[in-house]
Amino acid sequence: MTRLSRGRFITIEGGEGAGKSTNAEVVRSVLERYGFGVLATREPGGTPLAEEIRSVLLGPRDEAVDPMAETMLIFAARAQHVARVIEPALRAGRWVLCERFTDSTFAYQAGGRGVAAEAVAKLAELAHPGLWPDLTLYLDAAPDAAMTRISTRSLDRFERERRDFFDRVREAYAVRARERPQIVRIDANRDLASVQREIVRAVEGFLSVHGKA
Ligand code: Z5A
């Protein structure tokens, strides 16, 4: 197995139904083919405590959830996930592949809910000082088409939001993708085979530069 002094941190981002879970498998198989040990995980979640916070966040509730309370719960889960799972794996030389990370918070809580982006940035610095993804694959899909893909399952508290919420989330992702060179936008409106070919190209391109010790 190829060993690096420190592993790399790869995230997959995008709206609901964009194909994050489906394509995480593709990314994992490329990395493993090149000999890297991969830890696949997700947010919110990834540890028993963080998964409990996920249930609190996603479950339906009668009480309106304050956007800052929601943001702080997400960062509480993230701090635990980073400290107990992500950082130890990276230090051990494993590559961490995570569905969603702080770019989701910029998109959903800042873009979607209106929390100040500066507040999100400050909490990020407290929850994961100095840790940012080395590569982010942003699967950009139009909300209506993506929601159709998941229309047969029961919807969580976020998926019940109105259309304009998802438009704001998508716009915030677009801004973030323009600002951060680590984010590679993939057009996820296309058929799965085309999306996957582009993902393989993006990961192999990253490996050609960052895949050496
Ligand atoms: N959230 C937040 O607000 N702030 C944060 O900081 C974080 C999260 C970290 C749960 O996330 C919620 O948490 C999320 C935002 C909030 N809310 N929402 N809504 P999640 O990641 O667990 O939930 P999700 O985004 O809803 O995941 P998902 O619906 O499972 O989407 P996905 O993983 O991107 O899609 P998929 O399961 O891979 O694919 C869905 C279906 O589409 C499946 O049948 C595929 O075969 C099909 N598919 C995928 N790609 C294609 C293409 N290209 N063509 C045709 N069909 C396709």
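Over all directions, how big on average is the projection of the convex hull of the alpha-carbon atoms in region 65-156, in square nanometres? Numbers along the way, then the final one.
Values: hull surface 28.9 nm².
Computed as one quarter of the Cα hull surface, the answer is 7.2 nm².
Using helices alone, I'd like the mean residue ellipticity at 222 nm for the chain: each DSSP H run of four-plus residues gives -39500 (n - 2.57), total over residue count, nearest 500. The partial results should precede the final answer.
Values: 9 runs with 103 residues, N = 213.
Value at 222 nm, helices only: -15000 deg cm²/dmol.
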- Roughly what angle does helix 163-179 make with the longest principal axis of the chain, taking Cα atoms, 0 to 90 degrees, to the nearest 10? 40 degrees
- Between GLU159 and SER55, what is the label-to-label distance in nm when each label sits 7 Å out along the Cα-to-Cβ direction? 1.8 nm
- Note on the structure: Measuring from the longest principal axis of the C-alpha atoms of the chain, the long axis of helix 117-127 (C-alpha) lies at a number of degrees, nearest 10, equal to 50 degrees
- Query: Which ordering of ARG78, ARG170 is given by a fewest-first count of other beta-carbon atoms within 10 Å?
  - Reply: ARG170, ARG78
- Estimated inter-spin distance, GLU63 and ARG197, nm [label 7 Å along Cα→Cβ]: 5.1 nm
- Query: Efficiency by 1/(1 + (r/R0)^6): what FRET value for VAL209 and ARG91, r their Cβ-Cβ distance, R0 = 25 Å, to the nearest 0.05?
  - Reply: 0.70
- Query: For the residue pair ARG190 and SER29, what label-to-label distance in nm results when each label sits 7 Å from Cα along the Cα-to-beta-carbon direction?
  - Reply: 1.8 nm
- Here the chain gives, from Cα atoms, an Rg and Dmax in Å of 16.6, 51
- Nearest 10 degrees, 0 to 90: what angle lies between the long axis of helix 192-210 and the longest principal axis of the chain (Cα atoms)? 60 degrees
- Query: In square nanometres, what is one fourth of the surface area of the convex hull spanned by the alpha carbons of region 48-104?
  - Reply: 4.4 nm²
- Query: What ranking do ASP191, ASP62, ASP134 get, fewest neighbouring Cβ atoms within 10 angstrom at the top?
  - Reply: ASP62, ASP191, ASP134
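Throughout, read-outs are computed from the coordinates displayed, never taken from laboratory work. It should be emphasised that the depicted structure is a prediction, and the values quoted were computed from it without experimental measurement. For neighbour counting, all protein chains shown are included, and Cβ atoms are generated from backbone atoms with ideal geometry for every residue, glycine included.
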